[in-house]
């Protein structure tokens, strides 16, 4: 929340400073744009391709973890059912095995999540970098004075998100 407040404060301060600096040139209108970064990362073809790539890369491993978890649950249920008839040494041995298997599963899940998060960050960084290049191209080509990405409110008149998404979705030769 503090970061959001600071981002909003920085945006307002920048806008106020920009408006103050531009005040002597009152006859000239400011051209301001806004890009909804979250929407770009959700709807743009490169972002969807990155998500599909991650699902392909990590899907098998996730299924294996889910299968292991199901087997462990089945073994734990069987242990609970068999516990009254087991000798104390068998009960202790099976309980230790279940605890060890659960610990191993939790470790593998943590490793999986860390690997997935790292790859997701890498893929999203590439999409964000490409989106920023597209935003800069639009900024230069259409002679914007200011393009914001994090705002509290923005009207449809200044929202250029669709234009950014359309440019990102275009074939690479057309996007340059």
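Here the condition is being more than 28 Å from the chain's Cα centre (by Cα), surrounded by fewer than 15 Cβ atoms within 10 Å (Cβ to Cβ), at pLDDT below 95 and over 30 Å from residue 141 (Cα atoms); of 78, 91, 73, it holds for 78 alone.
Just to be sure, is residue 112 in contact (Cβ under 8 Å) with a residue 40 or more places away in the chain, farther than 30 Å from residue 56 by Cα and surrounded by 10 or more Cβ atoms within 10 Å (Cβ to Cβ)? So residue 112 fails the test. Checked against the criterion of being touching a residue at least 24 places away in the same chain (Cβ under 8 Å) and out of contact with any helix residue (DSSP H, G or I) (no Cβ under 6 Å at 6 or more places or on another chain), the candidates 143, 136, 78, 73 yield just one match: 143.
How many residues does segment 159-176 hold that are touching a residue at least 40 places away in the same chain (Cβ under 8 Å) and surrounded by fewer than 17 Cβ atoms within 10 Å (Cβ to Cβ)? Reasoning before the result, please.
Filtering segment 159-176 for residues touching a residue at least 40 places away in the same chain (Cβ under 8 Å) gives 159-161, 164-165, 168-169, 175.
Adding the requirement that they be surrounded by fewer than 17 Cβ atoms within 10 Å (Cβ to Cβ) leaves 159, 169, 175.
The qualifying residues number 3.
The values are calculated or read from the model by the stated rules, or taken from the named source; none is laboratory data. Not measured: the values here are computed from a predicted model. Positions of Cβ are backbone-derived with ideal geometry, glycine not excepted, and every protein chain shown enters the neighbour counts.
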